[in-house]
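Input: a single structure, listed below in structure tokens.
The values are calculated or read from the model by the stated rules, or taken from the named source; none is laboratory data. Here the structure is a predicted model, which means the values were calculated and not measured. In this analysis, Cβ positions are derived from the backbone assuming ideal geometry, glycine residues included, and neighbour counts consider all displayed protein chains. Only protein heavy atoms, including side chains, enter the accessible area calculation; ligands, DNA and RNA are left aside. Shrake-Rupley method; radii C 1.70, N 1.55, O 1.52, S 1.80 Å.
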Amino acid sequence: MNVLVTGGAGYIGSHVVEELKNSGFVPIVYDNLSTGHADAVPEDVLLINGDIHDLDFLEHIMGEYEIDAVMHFAASSLVGESMENPGRYYYNNVAGTLSLLDAMRKAGVDTIVFSSTAAVYGEPEKWPIEEEFAVCPTNVYGRTKLMIETMLADYDMAYDLRYVALRYFNAAGASASGKIGEDHRPETHLIPIVLKTALKSRNSVSIFGTDYQTPDGTCIRDYIHVADLAVAHVLALKHLLNGGSSKIYNLGSEKGFSVREIIETAKKVTKVDFAVSEEKRRPGDPAVLIASSKKIAEELGWKPTHSEIEEVIASAWQWHKEHPQGYEE
Ligand code: UFG
């Protein structure tokens, strides 16, 4: 089975490529390398340098490589940037996906696993968050991902395109293979920032907001190991290839940790002390995001097995220690 993985040179995409290979699929990566890394793609996996806006090229590739299904990760994914530069997000995420879906339709590919986000929920008043909760994104990034979910539902109705949209909470950690990990430029995510500080490539960690309505005043998130995310993608793909209907699932560990707890755990795991400063809130951050992953557990049998917070941070630490410059070495 040949699976076209758009954005397969990115953080989550590359971990899914590894899992697809381990599960007997043939991943073919399609990435314009604007934020992805060629070195994140295994040597025995074909990497096609292409853009998702190039509908004709996509259609050609899908025919030439007899693609059975698509996994779609290619996107702009920084919340802050999406507020400052909304056009980039509507163009890359919404228009780019429209081009991908039309290429699939022309090439006769009718199966897609889509990388969505907890950001579609905005700021829910209760948790754990279930898929049936109201969607109300508070930032452009979340709105573009929600628009894509709507497009997928409409293409399913009109053209029988079947999809699984996976709403990730906070992806973290790195592959046990030691070959791939998280390397965003610029880095904005908490765990890599904390670990880079432990490595002394940054001076201190800023806590964004200490006056939230949470036990220690800092934001609470649900950190899910990228290896567990990867397994969920393969389960979703198998569900569709077995004729299953379109679905939306949350992917989280169902446990929440505050920013302070992440910092304390990282100090324990790394055995390094580092400076921490308290800053004002970062605009658009909800206080608490914790998933219910009951639906995918019941329907597809998914269960995270690497998402204890110490294991998540230890695996990320291993990657950062061995690759202090990320993929640049
Ligand atoms: N944080 C800090 N200091 C930092 C970086 C982050 O205190 O230097 C805090 C943030 O304010 C937030 C928490 O750490 O409370 C986690 O922040 P991240 O940037 O690591 O992750 P987010 O929760 O903002 O974003 C993640 C994904 C997005 C997705 C979103 C869904 O990275 O793609 O969850 O809400 F949209």
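Couple of notes before you dig in:
- Those residues of segment 205-238 which are open to solvent by 20 Å² or more (accessible area, probe 1.4 Å) and of a type outside the set (S, T, N, Q), in sequence order: PHE208, ASP211, PRO215, ASP216, ILE220, ARG221, ALA227, VAL231, LEU235, LYS238
- Residue list for segment 118-148, restricted to those being under 14 Å from ALA165 (Cα atoms) and over 19 Å from the mean Cα position of the chain (by Cα): GLU132
For every residue, the table says whether it meets (1) out of contact with any Ser or Thr (no Cβ under 9 Å at 6 or more places or on another chain); (2) within 16 Å of the ligand (Cβ to nearest atom).
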site	(1), (2)
GLU59	yes, no
GLY63	yes, no
HIS72	no, yes
GLY80	no, yes
GLU84	yes, yes
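- Residues of segment 290-310 satisfying the condition of being open to solvent by 20 Å² or more (accessible area, probe 1.4 Å) and within 14 Å of ASP222 (Cα to Cα): ILE290, PRO304, HIS306, GLU308, GLU310
- Total residues in segment 243-258, condition open to solvent by 20 Å² or more (accessible area, probe 1.4 Å) and among the aliphatic types (A, V, I, L, M): 1
- In segment 85-121, the residues that are assigned to a loop (DSSP other than H, G, I, E, B) and crowded, with 20+ Cβ neighbours inside 10 Å: VAL109
- Conditions (1) more than 27 Å from ASN242 (Cβ to Cβ); (2) touching a strand residue (DSSP E or B) at 6+ places or on another chain (Cβ under 6 Å); (3) not β-branched (Val, Ile, Thr); number of the one not met by ASP68: (1)
- Qualifying position, being open to solvent by 10 Å² or more (accessible area, probe 1.4 Å) and not acidic (Asp, Glu), among ALA266, ALA287: ALA287
- Strands (runs of 3 or more DSSP E) lying entirely in segment 122-210 (those with 1 or more residues that are in contact (Cβ under 8 Å) with a residue 40 or more places away in the chain, more than 13 Å from the ligand (Cβ to nearest atom) and in contact with a Lys or Arg (Cβ under 6 Å, 6 or more places away or on another chain)): 162-168
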